[in-house]
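Here's the structure, in structure tokens; my notes come after.
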Amino acid sequence: MIGIESIFLLSSSKSAVIMNSSEALHGAIYDALKKKLDTDELHNYQNKSIFSISPLFSSLGRISTKFRKGATYLFRLCTLREDIFQVFRDHCMIKGSITIQGTDFHIVQMESAAIKLDSLTSSQEFTLNFISPVTFRSSKPGDIPVPYPEILEKYFKSISELYIKENSNLYPLLTFLKGRTQPIRFKKYLLIGFRGKIKLKFPQPTVIPFLSHFLGTGHNCARGMGNTIVEELDVLPPLQKLRKMMEDG
């Protein structure tokens, strides 16, 4: 299995206000994918984590809702499905732009990297950088916008069952947390999550947290929530440079 990380640098063709820009970006990506892929499979509950996107960021690392003509913006798309990346990449290369709620964003640069999951080395310590707000579903009304160890354990177990079955203890010790809560606006509601960085230490070596790098963390990852960089994964300098632009401004 291969994990793919890609970052797209865009230039807006006109000034526009897109209040639900993350949701609108999801719609634009989905429109491109459904031309070649099975839409039922993309929305299947079991495959809810097949890809993760970030919101549209300004070059200062701010989640954007107001766009200026000629200004640059960027977003990150990660997946464990090669066909998802290939279909969207080919769509972008042919068209040369992405249309989001009637505004064309011309593609200035695209960088990507592929990592074979079987080449990953198990570790006990991980640094997770949530570049977009992460939130978790709760059995009670409302979401949980804080990455508690109990919630993280439950999430890691759920993605382990889908992708890499491990018998390791996935209850982490939270050794560092720095960040803040931040909302993301959708068309019909507002979601609040934690945006920032955490460090985790596990009782025994595991590779499962690496999956968050490609799937995101929490829920609504395909619509801009919980986009995650696992900092222990090395990438080439061009991708690293674009990542830096997404850091909280």
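For a modelled paramagnetic label at residue 69, 7 Å from Cα along Cα-to-Cβ, the residues of region 10-30 in reach, with backbone nitrogen under 14 Å, are 12-17. Within straight-line reach of residue 66, meaning a Cα separation under 16 Å, sit the following aspartates and glutamates at least 8 residues removed in sequence or on another chain: 23, 104. Oblate is the label for region 164-219, because the ratio a/c of its alpha-carbon gyration tensor axes (a ≥ b ≥ c) is 1.5 or higher and a/b is not greater than b/c. Maximal additional length on extending the residue 59-residue 168 stretch stands at 35.3 nm, based on 0.36 nm per residue less the C-alpha distance.
Across region 121-238, Cα pairs under 8 Å and at least six residues apart give a relative contact order of 39 percent.
Phi angles of region 90-103 translate, via the Karplus equation with coefficients 6.51, -1.76, 1.60 and θ = phi - 60°, into HN-Hα couplings of 5, 4, 5, 5, 6, 7, x, 7, 10, 9, 10, 6, x, 10 Hz per residue; Gly and Pro are given as x. Between residue 34 and residue 13, the FRET efficiency estimated from the beta carbon spacing at R0 = 30 angstrom works out to 0.80. Within the straight-line cut-off of under 14 Å between alpha carbons, the aspartates and glutamates reachable from residue 36 are 82, 83, 90, sequence neighbours fewer than 8 places apart in one chain being disregarded.
Using C-alpha pairs under 8 Å with a sequence gap of at least 6, the mean separation divided by the residue count of the chain gives a relative contact order of 30 percent.
Which part of region 163-198 falls in the paramagnetic zone of residue 247, meaning amide N under 20 Å from the point 7 Å along Cα-to-beta-carbon? Answer for region 163-198: 176-182, 194-198. Taking trypsin sites (Lys or Arg not before Pro) across region 158-232, the ones in a DSSP loop with at most 14 further Cβ atoms lying within 10 angstrom of their Cβ are 165, 187, 188. Its Cα centre serving as origin, region 106-249 has a Cβ charge dipole (Lys and Arg +1, Asp and Glu -1) of approximately 640 debye.
In this structure, every pair taken from 140/178; 140/188; 14/241 has an alpha-carbon distance of 28 Å or less. Note on the chain: dipole from Cβ charges, positive end direction compared against 209, 196, 233; the farthest Cα belongs to 196. The angle between the Cα long axis of helix 149-162 and the longest principal axis of the Cα atoms of the chain comes to about 80 degrees, rounded to the nearest 10. Computed from label points 7 Å out along Cα-Cβ, the spacing between residue 123 and residue 231 is 1.0 nm.
No lab work stands behind these numbers, since they all come straight from the coordinates. Keep in mind it's a predicted model, so treat the numbers as computed, not measured. With ideal geometry, Cβ positions are generated from the backbone for all residues, glycine too; neighbour counts draw on all protein chains shown.
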